[in-house]
Structures are given as structure tokens and as C-alpha cells.
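Heads up, the thing below is written out as C-alpha cells.
The values are calculated or read from the model by the stated rules, or taken from the named source; none is laboratory data. Bear in mind the structure is a predicted one, so any value in this text is a computation, not a measurement. Here Cβ is always computed from backbone atoms with ideal geometry, including for glycine, and neighbour counts include all displayed protein chains.
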Amino acid sequence: MTAARPFDVPQHYLGGIALRLLAMLSLSLMFVLVKLIDAAGIHIVESLFWRQAIVLPMLVAWAMTHGGLSLYRTHRLGTHARRAMMGLTGMALNFGGMIFLPMAEATTINLSVPIFAVIFAAIFLGERTGWQRGSAVIVGFLGVLVVLNPTTVVSSGFAGEHGMGTLIALAGAIMTALITIQVRDLARTESPMAIVFWFSLISLVPLGLALPFVMTAHSPAEWALLAGLGVLGAVVQMALTGALRLAPVAVVMPMDYSSLLWSIACGWYFFGTLPADTTWVGAPLIIASGLFIAWREHRLHIERQKDITA
């Protein structure tokens with residue numbers, strides 16, 4: 001019998017699903033704070049700074065209770081730096097999309113990430129798509145087009161906050177998909193916690209340099225919003241990482257679509273907004289596409305494992 005490796009974690013599917021659901025709820029609440037912080041006149045750079053600054057000490061504390069900071073040792077600092085700059089850009093775009101759009105619409109556009117990830121994996125990693133996943137990508141794109149409502153967007157020329165928000169949210173989804181490819185490469189040699197640690201640490205460098213130029217005095221209520229943003233960001237990161245340690249990606253990934261339900265509820269409760277008619281039509285297409293891609297990836301993984309053990 002082969003001895004279990006010290007870093008092996010027993011699989012607990014229900015625990016992984018619960019953590020993924022917690023991450024999605026926390027993410028929606030975090031975006032509520034993003035909108036409230038913007039409404040208070042606080043610069044987005046400061047929001048990003050505190051989002052990262054509060055996560056970092058928690059990552060350090062976690063490492064100190066699990067063997068020390070040597071857990072984050074790396075020989076791929078340059079790759080981490082590229083991932084951090086991409087991650088920072090993607091986070092800024094996702095924050096911007098939430099600021100300019102109703103929560104449900106911004107979330108629906110962000111759910112198109114798996115669709116773009118399949119395309120980029122084929123382009124940059126040479127992964128075969130096949131007609132089944134290709135068909136799912138087409139269906140997902142149709143859903144994105146319905147949500148974007150290009151007839152209205154083109155006629156307005158992306159004018160106004162809604163048009164600009166649509167463009168920013170779409171760019172955020174594309175950037176997040178590119179980050180997924182980058183993280184997939186990093187994950188070959190780095191642990192999930194190390195990837196999060198270096199992202200938080202490196203991204204604080206440009207944010208810290210920019211902070212003095214945008215930071216203003218805040219009331220206690222505004223400091224509470226910024227602190228809540230950082231804490232919820234930490235909960236999201238920890239829950240996402242924990243979910244992937246307890247269950248496979250194919251098991252927990254479908255839980256991401258619960259974020260649309262949370263966003264609809266939060267948008268209605270906090271801001272009195274409901275999704276546009278096009279969102280109700282396009283969202284099921286995007287979700288169906290994403291779920292099929294996840295299921296297909298799971299089946300391909302099982303087949304690859306059979307080939308290895310055969």
C-alpha cells in the first residue's frame with residue numbers, strides 16, 4: 001500500500017460544494033460593498049488596495065500555522081508577476097463593471113468566463129475543442145449577445161454609464177479567462193495558496209505607489225466599508241481554495257452559477273434593481289453552456305485517467 005502524502009487532503013464533496021457556495025455569496029456581498037464604496041466617492045484604486053492589503057496578513061497567518069512562509073517559496077517569480085498584473089487589471093475591470101451596471105447584468109456577463117477560457121485554451125495551449133464543446137461555446141456566445149443587447153448598444157455607441165459598463169464587464173470576463181489560462185500553467189508547479197499569496201503581495205506594489213495620489217480622509221462608516229471589502233475578499237479567496245482542496249473542479253464549478261441568484265437578490269435588496277428582460281433570456285443560455293463545458297471537462301478527465309492506468 002502506498003503511504004499517503006502529507007499534503008494529501010481527504011475528499012469531501014459536500015464540504016467543497018458548501019465552501020464554493022459560501023465563496024459565491026461572499027463575492028456578491030463584496031460587490032455590494034464595491035458599489036457602496038464608489039457611491040461614497042472613494043477611488044477604485046483605494047478599493048483595490050484595501051481589498052488586497054487585508055488579504056495578505058491572513059495568508060501570512062495561515063502559512064505560519066501550516067509550516068511557515070516556506071510554503072510560498074517559488075522559482076517562478078516572473079510568471080507570478082505577470083499573473084499579478086493581469087489579475088489586477090481583471091479585478092479593476094470587474095469592479096468597474098459592477099459599478100456601472102446593475103449587479104445581475106454584470107454577474108451574467110462574468111459567467112461567460114468558461115466560454116472564453118475554452119477559446120483561449122485552444123489558441124494558446126493547443127487544446128482540442130471538439131464539436132460538442134464548440135457547440136456549447138456558440139450557445140454561450142448567443143446568450144452573451146442577448147444579454148449585451150447589441151442593437152441598443154450599437155445605436156448608443158456605448159454612450160452613458162450602462163453602455164460603458166457593458167464594455168468594461170465584457171473586457172473583465174475576457175481578462176479573467178486569460179488569467180484562468182495563466183493560473184492553469186502556474187498550478188503545474190505552485191500550490192493554490194502560493195498563487196494567491198504572490199498575487200496579493202505583488203499587486204500591492206503598484207497599488208501602494210498610486211495610493212497617496214487618490215486616498216482621502218474617511219468617516220468611520222467608510223472605513224467599515226473598506227474593511228468589509230478586504231475581509232470578504234479574504235473569505236472568497238480562502239473558500240475558493242478550500243473548495244478545490246476538498247472536491248474536484250467539475251464538482252464545485254457548477255456552484256459558481258449561484259452567484260447570479262445572489263446578485264439578483266442583492267441588487268433588489270440593496271439597490272432596488274432587477275435584471276433586464278434580456279438578462280432573463282440570455283442567462284440560461286450562458287449557464288447551460290458553462291455547465292456542459294464543466295461536464296465535458298469532467299468526462300475527458302475520467303477518460304485521460306483511464307488511459308494512464310490502462
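Which members of the range 86-113 meet the condition of being in contact with a Pro (Cβ under 8 Å, 6 or more places away or on another chain) and not small (Gly, Ala, Ser)? Walk me through it before giving the result.
Of all residues in the range 86-113, those in contact with a Pro (Cβ under 8 Å, 6 or more places away or on another chain) come to 88, 102, 104-105, 108.
Hits for the range 86-113 are Leu88, Pro102, Glu105, Thr108.
Considering only the range 235-273, how many residues are buried (at least 19 other Cβ atoms within 10 Å of the Cβ) and more than 23 Å from Leu14 (Cβ to Cβ)? Residues that pass the stated criteria total 4.
Given the criteria under 21 Å from Val205 (Cβ atoms) and modelled with pLDDT of 80 or more, does Ala81 qualify?
On the way: under 21 Å from Val205 (Cβ atoms): yes; modelled with pLDDT of 80 or more: yes.
Yes; evaluated as a whole, the condition is true for this residue.
Consider the range 193-250 and keep the residues that are under 24 Å from Ala40 (Cα atoms) and among the β-branched types (Val, Ile, Thr). The one that is farthest from the chain's Cα centre (by Cα) is Thr216. Kindly indicate whether Thr74 is surrounded by 14 or more Cβ atoms within 10 Å (Cβ to Cβ) and outside any helix (DSSP H, G or I). Judged against the criteria, Thr74 is a match.
Screening Leu148 on (1) crowded, with 16+ Cβ neighbours inside 10 Å; (2) at pLDDT 80 or above; (3) more than 16 Å from the chain's Cα centre (by Cα); (4) not hydroxyl-bearing (Ser, Thr, Tyr) shows it passes everything except condition (2). Inclusion of Phe120 among residues that are among the aromatic types (Phe, Trp, Tyr), assigned to a helix (DSSP H, G or I) and crowded, with 22+ Cβ neighbours inside 10 Å is not warranted.
Between Ala173, Ala224, which is part of a helix (DSSP H, G or I) and without any contact (Cβ under 8 Å) to a residue 12 or more places away in the chain? Before the answer, list the steps.
Working: Ala173 fails: without any contact (Cβ under 8 Å) to a residue 12 or more places away in the chain.
Just a single option satisfies the conditions, and that option is Ala224.
Return yes when Met58 is modelled with pLDDT of 85 or more, over 21 Å from Gly267 (Cα atoms), within 21 Å of the chain's Cα centre (by Cα) and surrounded by 17 or more Cβ atoms within 10 Å (Cβ to Cβ) and no when it is not. First the steps, then the outcome.
Details: modelled with pLDDT of 85 or more: yes; over 21 Å from Gly267 (Cα atoms): yes; within 21 Å of the chain's Cα centre (by Cα): yes; surrounded by 17 or more Cβ atoms within 10 Å (Cβ to Cβ): yes.
Answer is yes for this residue.
Given the structure, is Leu260 under 23 Å from Ala18 (Cβ atoms), in contact with a helix residue (DSSP H, G or I) (Cβ under 8 Å, 6 or more places away or on another chain) and either in a helix (DSSP H, G or I) or touching a residue at least 12 places away in the same chain (Cβ under 8 Å) (or both)? Outline the logic, then answer.
On the way: under 23 Å from Ala18 (Cβ atoms): yes; in contact with a helix residue (DSSP H, G or I) (Cβ under 8 Å, 6 or more places away or on another chain): yes; either in a helix (DSSP H, G or I) or touching a residue at least 12 places away in the same chain (Cβ under 8 Å) (or both): yes.
Against the criterion (under 23 Å from Ala18 (Cβ atoms), in contact with a helix residue (DSSP H, G or I) (Cβ under 8 Å, 6 or more places away or on another chain) and either in a helix (DSSP H, G or I) or touching a residue at least 12 places away in the same chain (Cβ under 8 Å) (or both)), Leu260 qualifies.
Scanning the range 275-283 finds one or more residues that are of a type in the set (D, E, K, R) and over 18 Å from Val32 (Cα atoms).
Summed over the range 77-116, the residues that are surrounded by fewer than 22 Cβ atoms within 10 Å (Cβ to Cβ) and touching a His at 6+ places or on another chain (Cβ under 9 Å) give a count of 1. On inspection, Leu232 passes the criterion of being closer than 23 Å to Asn110 by Cβ and surrounded by 21 or more Cβ atoms within 10 Å (Cβ to Cβ).
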